[in-house]
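Structure first, commentary second.
The values are calculated or read from the model by the stated rules, or taken from the named source; none is laboratory data. Treat the numbers as computed from the prediction; the structure is a model and nothing was measured. Glycine also receives a Cβ, built like all others from the backbone with ideal geometry; neighbour counts cover every protein chain displayed.
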Amino acid sequence: MPQTPIARYKGVFPVVPTIFTSNGELDLVGQKRCVDFMIDAGSNGLCILANFSEQFLLSDAEREVLTREILLHVASRVPVIVTTTHFSTSVCAARCRQAEDLGAAMVMVMPPYHGATFRVSEAKIFEFYAALSDAIDIPIMVQDAPASGTVLSAAFLARMAREIAQLSYFKIETAGAASKLRELIALGGSAVEGPWDGEEAITLMPDLDAGATGAMTGGGYPDGIRQIVDAYVAGRRADAQVAYQRWLPLINYENRQGGILTAKVLMHEGGIIASPAARHPWPDMQPAVRTGLLETARALDPMVLRWGK
C-alpha cells in the first residue's frame, strides 16, 4: 500500500442529508436526530451541505442556519467538514471564513463552475483556491467530481497541494479514481495529506489499495462502511474484502438506484426522521426503488433501521 503522511482527519466521513418536513421546510429537530444517529453509527466525522445534502436547493440563509445549528449540536463530538462551493472567489472565501468561525474542521470546495458550460482556466482555478487558503486557517478539500465538468489532472492537483498552504485534502470521484489517487500521491508526496475515496464507497476497496485514507460516503450506514475501513486500516485486508462484498449490494443500490434520497429513506424507515421528503423540484424516490432499497438494507440489519425504534 502506498505511504501517505499522517493525516489530521481520516476514516469515514459520511455526508449528512438535509432533513425537510413533508412541505419542504427545514426540520431542525429531525436534522439533529439524523446527526446523532450518524455519530452513534460510528462516523469518524461528518460533511454537511454537500451535493448529497441537496445543497443546490438551499438558500444562503438556510445554509448559515444549518451550519450553525449542526456545529452547535455536534459540539465537537466529531470533526465536521462544511461544503462552501461557489463560483465567485469572494463569496466562496466568505463562506469558508464563516464555516471556520462557526467551528468547521475543514471546508470542501469544487472548482468554479456554473451550469453546463461556464468554466474558468487552470490558472484561474489555482488563483481561486489560493485565495481561499489566504482567507482561512483550516484545511481545504478539493472535491474532484464530474458534476463540475472541470478536468483536474493529478499533476495540477499535486501542484496545488505543494504550493497552496491549506489545500491538502482531495476527494476523488472521477472515473478511474484508484489510478488517479496513486498518481496524485506519487506526484504530491507529503503535501497530499488526505487522499480520499468518494461516490458512496462504490470504489472503496480499490481506492483503499491505492492509498486512500478517508472515505466520504452516503449517510445511511456508517456502521457498515466502518467494518470495511477499520479492517483495512488494521492490516486485515481479507476481512475488509469480505465486509466490502457483504455491503456492496447496498452501496450499489445507493450509488446506482436510490441516489441522494437513500439515507433519508433509510432514516425514515428506522424512525429517525419524520419525513424522507426531497425539496421540490427534486423528485421523491420511485416506490419500487424504495422497496428494493429497503429489501437490500434489511438483509444487512444496519443500525439505521433500528436506532430510532
For this session: Search region 50-65 for residues that are surrounded by 15 or more Cβ atoms within 10 Å (Cβ to Cβ) and pair each with any residue that is in a helix (DSSP H, G or I) and of a type in the set (Val, Ile, Thr) when their beta-carbon atoms are under 6 Å apart and the residues are at least 6 apart or on different chains.
Result: Phe52/Ile260
For this session: For Asp301, work out the one condition from (1) part of a loop (DSSP other than H, G, I, E, B); (2) in contact (Cβ under 8 Å) with a residue 12 or more places away in the chain it doesn't fulfil.
Result: (2)
For this session: Select from region 259-275 the residues that are out of contact with any helix residue (DSSP H, G or I) (no Cβ under 7 Å at 6 or more places or on another chain) and part of a helix (DSSP H, G or I) and list them in ascending order.
Result: Gly259, Leu261, Ala263, Lys264, His268
For this session: Only residues in region 144-172 that are basic (Lys, Arg) count as the first member; pair them with residues that are assigned to a helix (DSSP H, G or I) and at pLDDT 95 or above, Cβ under 7 angstrom, at least 6 apart or cross-chain, and list the lot.
Result: Arg162/Gly188; Arg162/Ala191
Exercise. Residues of region 114-153 being small (Gly, Ala, Ser) and touching a Gly at 6+ places or on another chain (Cβ under 8 Å), which ones?
Worked result: Ala116, Ala145
Seminar exercise, completed: Counting only residues that are touching a residue at least 24 places away in the same chain (Cβ under 8 Å), more than 24 Å from Ala215 (Cβ to Cβ) and among the small types (Gly, Ala, Ser), region 238-291 contains a total of 5
Problem set entry | Cβ-Cβ under 6 Å pairs, at least 6 apart or on other chains, region 10-23 side surrounded by fewer than 20 Cβ atoms within 10 Å (Cβ to Cβ), far side assigned to a loop (DSSP other than H, G, I, E, B) and aliphatic (A, V, I, L, M) | Ser22/Ala277
